[in-house]
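Chemist: My questions all concern the structure below.
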Amino acid sequence: MNIEQVIPILKAQKDFFTSGESRDLGSRREALKKLKTMIVENEHMIIDALNEDLRKAPFESYASEIGLVLKEIDHHLKHLNKWTKTRRASTPLVLFPSKSYVRREAYGLVLIMAPWNYPFGLLLTPLVGAIAAGNCIVLKPANYANATASLLEHLIRETFPQEYISIFTGGREINSVLLAQRYDYIFFTGGLTLGKIIAESAAKHFTPVTLELGGKSPCIVDKDANLKKAARRIVWGKFLNLGQTCIAPDHLYVQRSIKNELVGLIEKEIKRQFGNDPRQSPDLSRMINENAYDRVCAYMENGNILIGGKKNKADKYISPTLIDGVEDSMPIMQEEIFGPILPVIEFDMVDDVIKKVSKKEKPLALYYFTKSKKKAKHLMFNVNSGSVCINDVVIQFANSHIPFGGVGNSGKGSYHGKHNIDTFSRERSVVVTPTKFDIPVKFAPYKEKLSILKKVF
């Protein structure tokens, strides 16, 4: 699609929204069903595209992307009537005989921009909410995940009329053109740098935004934790998608007395999940491109390698790696790693970790392994983050019943389930007053009416 077509298509989408068809509840249901059929009928092609881009295993592609989108669609279809129903609100006596209501209203034309690390799921999950809320949608898939972007471009255009849902692929040039246009809502998932550009672009038109960013999500393992379970779950969550996950544990705080034991268990768990030579494992993804590979490899120059450290540029492969001896001033502790390297930092008292983490930017996720409910509550009370998992990692993203989102530098706004509808629509206040009669006290002249007003207020 040519860049020159952007403005005419967006105009057609605004006209389509004005027609009311996207807001019709029956049309929304049909669109969600079409989206589900599109995914189910093309599942193998989607899996192949994800494998081409990131060498994702079919199981991982389904578990972390395809299956989650299908579940989100089903969840919306089940609850759509309830979530979008106009509800009666209380009306104070002073407004008698009026009645009050709250309606869910779609924003209008929505722009959704997705990242390359989960190029299918992070584009289509917000799309589900935008459709269910009644909007018209502009989709911009990630350029680096070219195979998935090309497939989605084909499937979306084949499934939906472009005046309803349009999709544009390409790099910075198309991003600039799209962001120069005016939308009623922008939903962006990606890095902080581009997130700031999105926010600045939206601010020019006072456009509301959701920013799903990232950051350095800490994982803390206390001495009272179940270390075998901790090792198993950390290895799974950290090396899922080869660490290219915004909520992956970014660095690991370990109570000093159990550090060696935990590191040994993690090493065993890496071999259990990926074999003696992880490069040969069919279940370990690859870095998205050479630039990402080079950036992550540079972190190996920080600290001391405890486990792993192997790499192959031609294969964009980096082995699951643990590093200790890192300092806060090093790049590995200043930047989001977004790869299969896990720095290990020792601590004596968990309050020391709380003080350290609290001084940094608020993370997208916080992970704590402990058997103590009291300690867990203490940590959550003193450390702010987008989400928290106690004795597990990453799984919060898969729960459609809770909001997913960041805070501060890790993001703004949330989605999933009902929160998806809430993000892509707004509550509109409606007050209906009958015309049969008026209450004279509210009209001028006000002489000697104040005492009456005070009684009904």
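The values are calculated or read from the model by the stated rules, or taken from the named source; none is laboratory data. In this text, all values refer to a predicted model and were calculated from it rather than measured experimentally. FYI the Cβ positions are ideal-geometry reconstructions off the backbone, even for glycines, and counts take in every protein chain you see.
Chemist: How do the strands (runs of 3 or more DSSP E) wholly within region 108-194 filter down when requiring 3 or more residues that are within 21 Å of LEU213 (Cα to Cα): which remain?
Modeler: Where strands (runs of 3 or more DSSP E) fall fully within region 108-194 and carry at least 3 residues being within 21 Å of LEU213 (Cα to Cα), they are 109-113, 136-140, 185-189.
Chemist: Looking at ALA202, is it small (Gly, Ala, Ser), free of Cβ contacts under 8 Å to residues at least 40 places away in the same chain and in the same structural domain as ASN42 (by TED's automatic domain parsing)?
Modeler: Against the criterion (small (Gly, Ala, Ser), free of Cβ contacts under 8 Å to residues at least 40 places away in the same chain and in the same structural domain as ASN42 (by TED's automatic domain parsing)), ALA202 qualifies.
Conditions tested, residue by residue: (1) at pLDDT 95 or above; (2) of a type in the set (S, T, N, Q).
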position: TYR368; (1), (2): yes, no
position: LYS373; (1), (2): yes, no
position: LYS377; (1), (2): yes, no
position: SER410; (1), (2): yes, yes
position: VAL430; (1), (2): yes, no
position: ASP438; (1), (2): no, no
position: VAL441; (1), (2): no, no
position: PRO445; (1), (2): no, no
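Chemist: In the list LEU139, LEU124, which residue meets the criterion of being crowded, with 17+ Cβ neighbours inside 10 Å and without any contact (Cβ under 8 Å) to a residue 40 or more places away in the chain?
Modeler: After applying the criteria, what remains is LEU139.
Chemist: Next up: Determine, yes or no, whether LEU366 is surrounded by 15 or more Cβ atoms within 10 Å (Cβ to Cβ) and touching a Gly at 6+ places or on another chain (Cβ under 9 Å).
Modeler: Yes.
Chemist: Right, here's the next one. Among what's in region 11-44 and is surrounded by fewer than 14 Cβ atoms within 10 Å (Cβ to Cβ) and of a type in the set (A, V, I, L, M), pick the residue that is farthest from the chain's Cα centre (by Cα).
Modeler: Result: LEU25.
Chemist: What is the number of the single condition among (1) touching a residue at least 12 places away in the same chain (Cβ under 8 Å); (2) more than 29 Å from THR193 (Cα to Cα) that LYS412 does not meet?
Modeler: Here LYS412 meets the rest and fails (2).
Chemist: Which one is nearest to the chain's Cα centre (by Cα) among residues in region 282-314 that are more than 20 Å from GLU335 (Cα to Cα) and among the aliphatic types (A, V, I, L, M)?
Modeler: Going through the qualifying residues, I end up with LEU284.
Chemist: Go through ILE220, ILE197 for me and flag whichever is crowded, with 17+ Cβ neighbours inside 10 Å and either touching a helix residue (DSSP H, G or I) at 6+ places or on another chain (Cβ under 9 Å) or in contact (Cβ under 8 Å) with a residue 40 or more places away in the chain (or both).
Modeler: The unique qualifying residue is ILE220.
Chemist: Taking the options SER387, SER372, name whichever one is touching a residue at least 60 places away in the same chain (Cβ under 8 Å) and either in contact with a Leu (Cβ under 9 Å, 6 or more places away or on another chain) or among the hydrophobic types (A, V, I, L, M, F, W, C) (or both).
Modeler: None of the others qualify; the one that does is SER387.
Chemist: Go through region 80-101 and report how many residues are touching a Lys or Arg at 6+ places or on another chain (Cβ under 7 Å) and outside any strand (DSSP E or B).
Modeler: 5
Chemist: Let me ask you something else. Return a yes/no flag: does region 304-317 have any residue that is closer than 24 Å to GLY190 by Cα and assigned by TED's automatic domain parsing to the domain that holds GLY243.
Modeler: yes
Chemist: Identify the residue in region 330-363 that is in a loop (DSSP other than H, G, I, E, B) and among the aliphatic types (A, V, I, L, M) and, among all such residues, is surrounded by the fewest Cβ atoms within 10 Å (Cβ to Cβ).
Modeler: Here the answer is MET349.
Chemist: Scan LYS418, LYS455, LYS449 and give me the residue that is in contact with a helix residue (DSSP H, G or I) (Cβ under 6 Å, 6 or more places away or on another chain), closer than 30 Å to SER90 by Cα, surrounded by fewer than 16 Cβ atoms within 10 Å (Cβ to Cβ) and not aromatic (Phe, Trp, Tyr).
Modeler: LYS449
Chemist: Then there is this: In this structure, does LYS36 turn out to be assigned by TED's automatic domain parsing to the domain that holds LYS82, of a type outside the set (S, T, N, Q), out of contact with any helix residue (DSSP H, G or I) (no Cβ under 7 Å at 6 or more places or on another chain) and touching a residue at least 12 places away in the same chain (Cβ under 8 Å)?
Modeler: Considered against the rule, which asks whether it is assigned by TED's automatic domain parsing to the domain that holds LYS82, of a type outside the set (S, T, N, Q), out of contact with any helix residue (DSSP H, G or I) (no Cβ under 7 Å at 6 or more places or on another chain) and touching a residue at least 12 places away in the same chain (Cβ under 8 Å), LYS36 comes out as no.
Chemist: Check GLY243, GLY215 and return the single one that is at pLDDT below 95 and crowded, with 21+ Cβ neighbours inside 10 Å.
Modeler: Answer to the check: GLY215.
Chemist: With the condition kept exactly as written, say whether any residue in region 263-275 is surrounded by 17 or more Cβ atoms within 10 Å (Cβ to Cβ), assigned by TED's automatic domain parsing to the domain that holds GLY325 and farther than 16 Å from LEU342 by Cβ.
Modeler: Within region 263-275 (the criterion being surrounded by 17 or more Cβ atoms within 10 Å (Cβ to Cβ), assigned by TED's automatic domain parsing to the domain that holds GLY325 and farther than 16 Å from LEU342 by Cβ), the answer is no, since none of the residues qualifies.
Chemist: In addition: Give region 71-91 a look and list any residue that's under 21 Å from the mean Cα position of the chain (by Cα) and of a type in the set (D, E, K, R), or say none.
Modeler: Across region 71-91, the qualifying residues are LYS71, GLU72, ASP74.
Chemist: Quick check on my filter: what residues within region 1-43 are in a helix (DSSP H, G or I), more than 21 Å from TYR185 (Cα to Cα) and among the polar types (S, T, N, Q)?
Modeler: THR37
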